[in-house]
Each structure stands twice: as C-alpha cells, then as structure tokens.
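Following: one structure in structure tokens, then a few remarks.
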Amino acid sequence: MKIIIVGGGTAGWLTAAHFELLNTSNFNSVGNLNFDVTVIESPDIPIIGAGEGATGILFDAINGPMQSIGTNHIDFLYETQSTPKLGIRFKDWNGEGTEFLSPLQPSKTVTNNLDIDLLAHKVHSQPHNCNLVGRLLEQGLSTYLKEQKQTIGLSSYHFDAHKVGEYFKNICVKRNTKYLQNEVVELNKNSETGFLESVILKDGTKLEADFWIDCSGFSKVLTNQMGGGWHSYSEYLPVNSALPYLHKFEENEIIKFETLAWAMPNGWQWQIPTQERYGCGYVYSDMFTNADKALAELERTTGRSIDPIRNIKFDVGRLENFWTKNVVAIGLSSGFLEPLQATSIHTTIVQIQMLLNVLDVKSDMEYKYNSIFYNNYFRRFFDDNRDLMQIHYMGKRNDSDFWKFCHNELKKTDKVEYVMNISKHRSPSFLEFEQYHGASSWAIWCWTVFGLDLVTKETAYKQLKKYSLQYEANRFFHDTNDLLIPQVSEMMSSMELLTHIKNKTLPRQNIKI
Ligand SMILES: Cc1cc2nc3c(=O)[nH]c(=O)nc-3n(C[C@H](O)[C@H](O)[C@H](O)COP(=O)(O)OP(=O)(O)OC[C@H]3O[C@@H](n4cnc5c(N)ncnc54)[C@H](O)[C@@H]3O)c2cc1C
C-alpha cells in the first residue's frame, strides 16, 4: 500500500517511524500488508518548535517496540538536546505566591474509589509527596539511580522539536522511508468517489498514493480540501496566541527537570529546560493584550531582555472529521488546544497508534467503519482534553481582566462544572474520569483539582472522616513516607545527571515499559 505523509515535523516523522515499525512486525490487525511510505516536507514552511515537553507516552514509544527500528533512550537524550521531564510546576495559578506540582506518576491508590493516599497527603503534607516522582521533582532530583546511573523510567522528555523530527527522520530514511523536499500545491480528487488520487508539487511533479496522511501542521494542506470541517473551542479556552523565545542558562544555575507553567496577567508562560537553554514562551489571549504588551509583561516578570522567535496565532479546536475518505490528519493539522499539559504530541502518538491498528483498508466498507470509529474516538479525545485544559483556569487567581473573564464569562464545559461542584463536597474519583487508551484520567486531573484547592484540605479531611478513614489515611501517609524516603536518597541530582548527559557518560540500559 502506497502511503504519502505530507509534513516533516514531529507528527510526520513519528508517523513514518510507526510505519517502519509496522513493516518489520505483525503485531497488529494490519498483518502482513507492506507499506511504501514517502514523506514530503516543504523547505519553505518551518515546523512549529520552541522547546517542548511530552507526556510519558513518548517515553513509552521510544523505549517500547520502536526499539526494533533503532530508537533508544540514550541516543534520544544525546541527539535531541533532551532532558528528562518529571512533571510540571504550576506557579501563581491560584493567586500570586501559590505553587503546586503535577508529577508524571499517580498515587498508588489512584484507581481506588477513594484515592486515599492522595487525600492523606492533601491533609498531612502536599499531594505530590504521595509518590516518588513528586518528591524527586520537589527536591531537584532525577529518576536516575546514583549507583547504577540508570533510569527507573517514570518520566518523559523536554526537547527541541526540530531535533526530535530529525531523530526520527534519520531512523526512517536509513530504512525504507522515501523523503522529498517539496511543496504540495494542488490536490486531484476522484470526481465520483471523492477519494484523493494525486497531488501536484511545486515543481510540477505528480504523486499518487492509496492513502494520505496530513501532517502539515496549521497549514492543513490536505484536510482543508477534503472537508475536515472545524469545531472551535474558543468559547471554552481563553488563550489563542504565543510568543516563544529561547533563554540560555545562567552560569551555575541549578536546572530542574520540570516544566515551569507560570500564570501571568493574560495567560501563562512556559519554561522548558533542554541541555543548554530554556525554551520559553508566553501563551496569552489577544482579547486582553497584544504581542508588544505581552513582551513587556514577560520582560517585567522574568527580569530578562527577550527577543521573541515569532508571534504565533492559533485557533483552539479540532477537526470535525479527522479521517475523510482516504486522508487522515495527524498532529497540529488535526487540532490544537494550547501547550498546557503537553497534550499535542501525546494526542499525535495516540492518533498514530489508533490509525495503524485500524488501517486495514481493502474495501469501501472498511474505510467507512474504520473512519467512523476513528472520528468518534478523536472527537471525544479532544473534547476530554479541552475539559482538562479549562480546569486550570478555575483557581482563585482574579487579579486581571483576563482572570476575571475566566471566572465570570468563560463558558464552562459540562465536565468542568461537574468537577467544580463535586469538589466542594468531596474529591472526585478515578471512576468519574475517562479510562480509554491515552485519555486524560484522574491520574492527571487530580494534581490540578487538588493544587487549585478545588478540593480543600478541610474537604479532604471531612471525606476521610465520613468513612472513618482518618486513621487509615494516617497510616498510608506514614507508610508512604517510610517507603519513599530511602528511595529518594538513592536518586541522582538533576545537575549530576545533566553533566552525565552532556558528557555522554551514561551506560546503555534495557528499559522495561
Ligand atoms: C506555542 C506552542 C507550544 C507548544 N508546546 C508543546 C508542548 O510543550 N508539548 C507538546 O506536546 N506539544 C506542544 N506544541 C505542539 C507541538 O509543537 C506539535 O504537536 C508538534 O510540533 C507537531 O507539529 P506537526 O508536526 O503537526 O506540525 P509542524 O511542526 O508545524 O510541521 C508541519 C510540517 O508540514 C510541512 N508543510 C506544511 N505545508 C506543506 C505543504 N504545502 N507541502 C509540504 N509540506 C508542508 C512543513 O514544512 C512542516 O514540515 C506546541 C505548539 C505551540 C504552537
């Protein structure tokens, strides 16, 4: 089957890498179909990339079955200027001076009807202290054992997106993926079926394929003409612009393996460490400020002199149809919420995995049912992530027109209304959140719901008391402490690990996912 992927950003090359994997294995329903894959990338349209972070799904992808096509944790760290990511530090979201951590590890009772270990730590300490990664984050440590210099996993990556694309490209072109630097300028659809038959490139070349994947980012080169439609989230999500910039580490600065998400008067700023510098930016609402004022706000808040890379405008929302006829949109071309919680590359990987599980296209009927399933899945997927984004704007911060708007005028999604109301009386639980592949479950919502004090310490205590669990919770608190304190003491500091990464002195290891 001939596949053309339009776009050579992270989404395009991750997709190509997964096809390479499929061509080497028969572990899913596609069986022994052989995919002849070409990636076309415009030399004139740059990729999006300003220092990014991922969720654990990227770690699992690199250290899972893709190892059979040559991915490797250590190579990835060394070649992409990556650093490990243990979680996110949310600063000032509940008013200036507040902070909470969102580690990439759930509590050990996360799937219980009552997340007792999390509740116990809300009452006696800080929620993130209920797990190892939360403690490592807080103490500026890493997920690497000091002695063995090996990782215990439980993390993801911060990286330079340009280098991540290159990493997967190098793997793919050394194998069977064909690569063209050219621009798609015209589409030819079959007048009866509406299927995409061929595209014309800028130099006049005509290319045909059986199946097409639109990874062209915000250009949506194929999808726009295939009738993907658009479902906007602008009434639910308050930001729509970003001002990315780079900042070199100061001399002797202690670098922590965390994404900093710092609430600002008109949105929030991110700061992501790669090996030599931070990728930073201000995500703001152009209803309340503009690029010049946002830059001034950034310089005032950080004390830095900032030279922005560009001003990015984005429409928050998703396609109505991700899969139309023989074209599927993956990555930014399929939708974008905003950078919070790094859901974009996460979604991209889930999209690829799902597509490759159902891409068994031998008849029109199969196209139809596969695409119905796929479209429904990702409508729900994006809608659930939209809810997760919105809850972050529901804390107590109220010191600017932007934050007042979030509280008083921004339309709440049904899920956010529900979570906010329930949280006044009790903690929501795992069962009240989605649990399908890749979904944003309670394991991720919990840090923000507790961190913003939507569930207060008093409510947590009352809930434990209601079920006479306050003594049990106390026991959990002490047992977790006894378990984790020695584990924390075995871990390498972030700076020691950064030195090893930069000097390339880490041993290779077989990571078990
Ligand atoms: C401000 C900001 C911050 C972000 N932070 C994060 C984060 O922290 N974590 C996260 O997971 N995600 C983040 N994202 C999203 C992330 O950048 C994308 O998911 C990721 O880079 C994948 O992008 P992409 O490959 O879909 O598109 P792009 O990187 O935009 O690539 C598009 C490709 O299509 C090609 N192309 C376009 N038109 C044509 C044409 N006509 N013919 C041929 N080729 C064409 C381009 O040349 C390019 O190669 C962020 C996004 C923004 C805007």
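The values are calculated or read from the model by the stated rules, or taken from the named source; none is laboratory data. Note that the structure is a prediction, hence the values are computed from the model and not measured. Here the Cβ is made from the backbone with ideal geometry for all residues, glycine too, and neighbour counts use every protein chain on show.
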Hey, LEU187 closer than 24 Å to GLY49 by Cα and in a strand (DSSP E or B) or not
no
Testing LEU260 on (1) in a strand (DSSP E or B); (2) crowded, with 24+ Cβ neighbours inside 10 Å, one condition comes back false. Which one is that?
(2)
Only one of SER82, SER68 is more than 10 Å from the ligand (Cβ to nearest atom), of a type in the set (Ser, Thr, Tyr) and more than 23 Å from GLY281 (Cα to Cα); which?
SER68
Considering only region 340-349, I want to know if a residue exists there that is among the β-branched types (Val, Ile, Thr) and more than 21 Å from ALA16 (Cβ to Cβ).
yes
Is it the case that LEU243 is near the ligand (Cβ under 10 Å from one of its atoms) and either under 30 Å from ASP401 (Cα atoms) or assigned by TED's automatic domain parsing to the domain that holds ASP44 (or both)?
yes
Which listed residue, of GLY228, GLY165, GLY194, GLY217, is under 30 Å from TYR282 (Cβ atoms), in the same structural domain as GLU20 (by TED's automatic domain parsing), more than 13 Å from the ligand (Cβ to nearest atom) and not aromatic (Phe, Trp, Tyr)
GLY228
If you scan region 330-353, which residues turn out to be more than 9 Å from the ligand (Cβ to nearest atom) and touching a helix residue (DSSP H, G or I) at 6+ places or on another chain (Cβ under 6 Å)?
GLY335, LEU337, ILE349, ILE352
Since ARG304 meets every condition but one in (1) more than 15 Å from the ligand (Cβ to nearest atom); (2) in contact with a Leu (Cβ under 9 Å, 6 or more places away or on another chain); (3) not in a loop (DSSP other than H, G, I, E, B), which condition does it not meet?
(3)
